[in-house]
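Single-structure report; data block below.
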Amino acid sequence: MRSLVSDLLQLRLDEQHEGKLHKKLYNAIRLSILDGSLPTQSRLPPSRDLAAQLNVSRNTVLTVYEQLLAEGYVVSRTGSGTFVAGTVPDSLLSAPLTAGEKLSASLPSQLSARGQHLLSHSNASARQWGAFLPGVPDINAFPHALLRKIQSRVSRKPQAIQLSYSNAGGSSALQQALVEYLRVTRSVRCNAEQILITEGIHQAIDLVSRMLCNPGDLAWIEEPAYWGIRNVLAVNGVNLQAIEVDRSGMNPPEPGDTPPKLIFVTPSHQYPLGCVMSLERRQRLLALARQTGSWIIEDDYDSEFRFSGQPIPALQGLVDDAPVIYTGTFSKTLYPGLRLGYLVLPRPLMQALKTAHAELYRGGRLLDQEALAQFIREGHYTAHIRRMRLLYARRRARLAQLITDYLGKEALSEFNDNAGLHLVLSLPASCDDVALAQTANVRGILVRPLSRYYSGDRSARGLLMGFAAMEEEEMEPVFAELAALIRETSGSKNSAR
């Protein structure tokens with residue numbers, strides 16, 4: 001028997017005459033949620049039933065459900081099914097760009113000073129999927145069915161140890177798979193005991209800063225830098241010194257009377273500007289860290305996606321026993337909702353940080369880690385990265401072409417290296433990139449203002465624009481609207497189109 005929901009979705013599908021099937025089904029469900037046709041907390045049909053009722057493949061329905069889940073439109077309840085979320089992301093479109101601006105005027109007095117600082121500097125976007133959102137991969141292009149097959153195989157006869165807490169830093173199978181992968185692709189020198197599996201980069205930074213810094217200790221960060229690093233360090237009482245980045249990466253000064261305990265860098269693809277740290281700077285940074293007893297935190301967040309030239313070796317592997325804590329993530333190569341990353345720890349810190357991780361976070365998810373290890377060992381991971389590298393190269397080229405066609409060559413930042421998942425669009429100094437991004441966000445164009453990544457002088461003006469999750473043919477109409485908004489905001493009449 002057909003359900004009322006399937007009848008509604010069939011009507012919505014029939015109204016759409018163009019686009020791929022999974023896109024049309026996604027739009028049909030999303031619009032039905034937004035206009036109230038599918039009320040909050042209402043249950044969606046099981047994927048198998050909906051596929052049969054709409055005469056589509058079950059994989060299509062699963063892909064759409066997973067995307068809606070990732071974006072917050074629906075929630076999954078184990079054993080019960082998939083339900084419309086209580087609050088959907090689009091209801092937040094009229095909110096300010098950052099939660100911090102909204103919260104700063106109404107923070108509860110009961111919060112600690114650190115808690116109030118964290119919330120008043122929050123920059124997390126209310127929406128995590130959409131046109132030109134930077135830092136997000138194409139989750140639809142991931143082989144979900146293949147990973148589910150491996151997960152099913154792993155979970156048929158789980159070992160007791162795989163269902164308990166982890167106090168060894170994660171799955172030994174995943175640790176060994178990462179050793180082999182990192183040795184070949186990133187020239188990282190380590191063994192399996194040095195690998196610590198984390199739930200992403202934020203947990204990794206939190207662990208490192210808690211264990212290696214006392215309140216008031218100094219850390220160097222890049223200027224500009226990822227805002228998440230600043231917030232995690234600040235909430236742990238670490239003082240920050242922003243070190244300017246130029247075309248050769250961070251330019252480390254003489255350490256002075258108070259050397260840094262930690263030095264955070266993104267040498268292979270600086271975030272957010274996109275430059276690569278030169279060999280001379282890398283060697284100088286390593287020498288400085290040895291001299292001062294500092295630890296370098298190398299964030300290698302998206303080095304897999306380099307579209308020309310040779311791969312940039314990791315800083316960690318340049319010398320033996322480098323004073324480097326190497327961090328990596330699967331958020332860019334697979335998908336952010338997986339929440340898996342890793343640290344490669346220097347031997348002197350290895351056991352202490354693994355023990356601390358077990359005490360603070362009670363590691364687990366060993367079945368997921370085992371499945372991912374098999375995904376890597378069977379060659380699926382490198383094959384997926386190769387496919388995505390080709391796909392993202394085309395999308396990057398398309399966005400770069402649109403920027404130069406509509407706004408001129410000067411609008412494409414000089415820092416943009418041929419790598420990563422985003423481009424920086426330069427704006428005139430007179431343009432308020434925060435206000436511009438906020439207006440664009442309300443219109444569903446999810447760019448981020450460059451000035452938000454600076455801790456000091458915010459004279460730099462620009463927009464971070466992601467291209468990974470947008471198909472080439474979908475880019476121009478959205479970019480044309482953004483270009484018109486930029487010209488309107490900056491008062492410029494010039495346009496190549």
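What follows is calculated from the coordinates using simple rules that are stated; it is not laboratory data. Source: prediction; values computed, not measured. As a convention, Cβ positions derive from the backbone with ideal geometry for all residues, glycine included, and neighbour counts pool all protein chains shown.
Stretching ARG284 away from TYR165 to a fully extended chain increases their span by 38.7 nm, per 0.36 nm per residue minus the current alpha-carbon distance. Mean separation of Cα pairs under 8 Å and 6 or more residues apart, divided by the residue count, gives the chain a relative contact order of 17 percent.
Label reach from ARG389 (point 7 Å along Cα→C-beta): in the stretch 258-280, no amide nitrogen lies under 12 Å.
Over the Cα atoms of the chain, the radius of gyration divided by the Kirkwood radius equals 0.96; this is the Rg/Rh ratio. Rounded to the nearest Å, what's the spacing between the alpha carbon centres of the stretch 26-53 and the stretch 227-305? Just the number, please. The two parts, judged by their Cα centres, are 46 Å apart. Restricting attention to the stretch 413-478, which trypsin sites (Lys or Arg not before Pro) occupy a DSSP loop and are surrounded by at most 15 other Cβ atoms within 10 Å? Here the sparse-neighbourhood loop sites are ARG443, ARG458. Summary value for the stretch 139-213: 23 percent relative contact order, contacts being C-alpha pairs under 8 angstrom separated by 6+ residues.
Here the stretch 138-235 was treated as a single set of alpha-carbon atoms; its pair distances binned every 5 Å from 0 give 2, 9, 13, 14, 18, 19, 13, 7, 4, 1 percent.
Summary of the geometry: the stretch 164-222 and the stretch 413-465, compared by the centres of their Cα atoms, lie 30 Å apart.
When the P(r) of the stretch 28-74 is calculated, the portion above 12 Å amounts to 63% of the C-alpha pairs.
Positive-end ranking of LEU423, GLY444, LEU412 along the dipole of the stretch 383-492, with charges on Cβ about the Cα centre, is headed by LEU423. By the rule of a C-alpha distance below 19 Å, with chain neighbours fewer than 8 residues away ignored, the aspartates and glutamates paired with LYS261 are ASP206, ASP217, GLU222, GLU223, GLU244, GLU298, ASP299, ASP321.
For the stretch 383-492, the Kirkwood radius over C-alpha pairs fed into Stokes-Einstein at 20 °C and 1.002 mPa s yields D = 149 µm² per second. Counting charges near ASN251 (Lys, Arg +1; Asp, Glu -1) among other residues having Cβ under 13 Å from its Cβ returns a value of -2. Calculated translational diffusion coefficient of the stretch 1-83 (10 °C, 1.306 mPa s; Stokes-Einstein with Kirkwood radius over alpha-carbon pairs) equals 125 µm²/s. In this Cβ point-charge picture (+1 for Lys and Arg, -1 for Asp and Glu), the chain has a dipole of about 1240 debye about its Cα centre.
Taking the Cα centre of the stretch 383-492 as origin and assigning +1 to Lys and Arg Cβ atoms and -1 to Asp and Glu Cβ atoms, the resulting dipole is close to 440 debye. Judged by the gyration tensor of its Cα atoms, with axes a ≥ b ≥ c, the stretch 208-299 is oblate; a/c meets the 1.5 cut and b/c is at least as large as a/b.
Measuring between alpha carbons in the structure, the pairs from LYS24/LYS157; LYS23/LYS157; LYS24/LYS332; LYS149/LYS332; LYS332/LYS354 lying more than 31 angstrom apart are LYS24/LYS157; LYS23/LYS157.
Throw me the Rg/Rh for the stretch 142-379, computed over C-alpha atoms with Kirkwood Rh, two decimals. Answer for the stretch 142-379: 0.97.
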